[in-house]
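Quick one: the structure is below, questions incoming.
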Amino acid sequence: MNTEKPSLKRLLINSLVTAAILMIFVVAVARIVYFVATPTEEEILMGYNSVRPITCAATASSLFYIFFLRIVTKYSSLQRNLFFSEPKPSFFKQTFNSTGLLCDIILFSLVYFIFELDNTLPFIKEALIGEGSVFESKPEAFILVLPTVVLLDIIARGLAYIAWKKSLQDPRDSKNPKGAKGRPTLSVNPNKLIPTPPRLATARYFSYNYSGENPALSIEDIEEADYSSKARTNAFSMLFAVFAVCIILCKMIYSVVTTVFLPFIALLTAPAVLYTVLGIIIAIPLITRLKALFSRIRFIKTLRRLCRERKYKLSKIESPYLSLFTSKQNESFCITLNGKTFSCKLISGKKQSLPLILNADGIGTRIHAFVFGGVKWFQFNKSFEFGYESKHQKILIINPISKFIYSISDGSTAELDNGSKLGDYTVYTAQSFLNSIERDVLGV
């Protein structure tokens, strides 16, 4: 990827053109949706108010602003080069230091104040300005409108930056796990990377036997980012097609939302239901964290007892519990037995069903996936650094344990077992490590 930093002049021109096109389309969407959603004479006679055109126009123009700007930003080679020209690309740094956000604010402000809102963004005037409304004039309403536009702009650019960084996070490349371009083959069954609960065996059977080679079951579905003109055209075509359908059906969509969705939300916000749902949402990750904490406590307690009983020298254990949630740069502890010292580092498997991929260069990846019926519906990968330097033999201790631990070598994925070598490291589960020092066979 070309990471040469583009000139300020090119960025400014690109940002101004993008902002101008964005404003034209946002105004067009706002006016069209407002017109289509405006009540007919029959509806007015029936007592229908002006809430529908305001709501529909505000929602449609806001969503269009986000998705249009996301596509423009994502496929802009200038913006990508600027982003990756930094040693450590930062979303907030580029957003607030670049010309894009500033140009969008300036162009929107000019449209807002130069033209009548009736001809540009009628829903703003209808909702916020006038007698009996929140504000009495356009400048006063701008106090609320401007932060909203800035927020939409940040969301849109943030989605583009996420797409850029995601394209660089392929855990299968051992040489460059954050920027892989190869298509490594798997030396193990890829389905094992995303385990399926046994209770879903029937659904899994039909998925395996009647859907062929389901790409949702494999990590081979990680695709290289496509920033070509064709991909950009397809993205814009899909955006305009979806919004064209939504504009045509906006009255129907509004009716469904107000008669079905909003009552459902009202039901969820009832105190009894709300507290129950929140309790379940909080309890699930909390139970997982508590199980991990208890597993670490048992390991530390047993380790200290064994060292005390067998007269092994154990150093201070650094961040024994904080390391469950963060990745520390240095070793966790050193243990000396029979005159030989081992440098040990604790790595959290988070939970048993979470696949863990470790690279010999000190980069690890946890694969988070939602699997139902044997089908992986969505997935995201989270990388972390575990590498460190030591003059002693280095040992990685996985605690809590993951049932699915893999290494990357020459582009192929292979399962790791207790005592497996991973570059300068030897990998153990917590229990196997304790068994090894108890039998005095560590490192043998």
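The values are calculated or read from the model by the stated rules, or taken from the named source; none is laboratory data. Quick caveat, the model's predicted, so the values are computed rather than measured. Here the Cβ is made from the backbone with ideal geometry for all residues, glycine too, and neighbour counts use every protein chain on show. Note: areas computed on protein heavy atoms with side chains; ligands, DNA, RNA excluded. Shrake-Rupley method; radii C 1.70, N 1.55, O 1.52, S 1.80 Å.
Which entries of K93/K165; K316/K345; K291/K421; K345/K394; K313/K394 show an alpha-carbon separation above 18 angstrom in the structure shown?
The answer is K291/K421.
Right, next: Can you list, bin by bin at 10 Å, the percent of alpha carbon pairs in the stretch 59-160, starting at 0?
14, 42, 27, 13, 4, 0
Next up: Cα atoms only, the stretch 380-444: Rg and Dmax in Å?
In Å, with Rg to one decimal and Dmax whole: 12.7, 40.
Something else about it: Please list D440, D226 from largest to smallest accessible area, probe radius 1.4 Å, with all protein chains kept in place.
On the way: D440 60, D226 85 Å².
Ranking D440, D226 by accessible area, largest first, yields D226, D440.
For the peptides 281-287, 314-320, 117-123, what is the packing order when you average, over each peptide's residues, the other Cβ atoms within 10 Å and list the highest mean first? Write out the running numbers ahead of the final one.
Details: 281-287: 10.4, 314-320: 14.4, 117-123: 17.6.
Top of the packing list down: 117-123, 314-320, 281-287.
What does the stretch 225-353 give for Rg and for Dmax, in Å, if only its C-alpha atoms count?
27.4, 79
For the stretch 259-313, what is one quarter of the convex hull surface built on the Cα atoms, given in nm²?
Values: hull surface 20.9 nm².
Over all viewing directions, the stretch 259-313 projects a mean Cα-hull area of 5.2 nm².
Listed highest first by mean packing, meaning other Cβ atoms within 10 Å per residue, what order do 232-245, 142-155 come in?
Packing order, densest peptide first, comes out as 142-155, 232-245.
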